[in-house]
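Novice: I have a structure here, written as structure tokens, and I will follow up with some questions on it.
Values quoted throughout were computed directly from the atomic coordinates according to the rules given, and no laboratory measurement underlies them. Bear in mind the structure is a predicted one, so any value in this text is a computation, not a measurement. Reconstructed Cβ throughout: ideal geometry from the backbone, glycine too, with neighbour counts over all protein chains shown.
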Ligand code: CMP
């Protein structure tokens, strides 16, 4: 079924000039851009977004990294969007990401891993709604 996922191009990939190449990979991968925003997260907002990881040992570093510079947020649409997007970006740890995947090409470490992708339809809706109102979706 056609459904949606949510992504962020993270501060490392934006700072390293990969925004255009990553959006191109996403669009060529068959995803339609429904919403798009260039912004910077405060530590408070990053902590809210990643609240599900609050008790994890990497939480503090994750929040500090994600608020370290601007990001690009997007809602994407495709058949089987969540699963297909996770295939396109590759494993969370870029050293384990398949050749040709976005993280394999553009990421340096498990924290600076270039992109976020939702892990379920339910979280895709929660994360997309965190960033975008109904008037920002096309
Ligand atoms: P993301 O998909 O944005 O969701 C949470 C992020 O935490 C993840 O990508 C990684 O960048 C980061 N992270 C750091 N360490 C770990 C870890 N051990 N397991 C999972 N995610 C981690």
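Novice: 222 nm [θ] for the chain, helices only, -39500 (n - 2.57) per DSSP H run of 4+, per residue, to 500?
Specialist: Mean residue ellipticity, 222 nm, calculated: -10500 deg cm²/dmol.
Novice: One-quarter of the Cα convex hull surface for the range 2-136, in nm²? Walk me through the numbers before you get to the answer.
Specialist: Numbers: hull surface 29.8 nm².
Spelled out: convex hull of the Cα atoms, projected over all directions, averaged, 7.5 nm².
Novice: Using packing as a proxy for protection, rank 59-69, 74-84 so that the peptide with the highest average count of other Cβ atoms within 10 Å comes first.
Specialist: 74-84, 59-69
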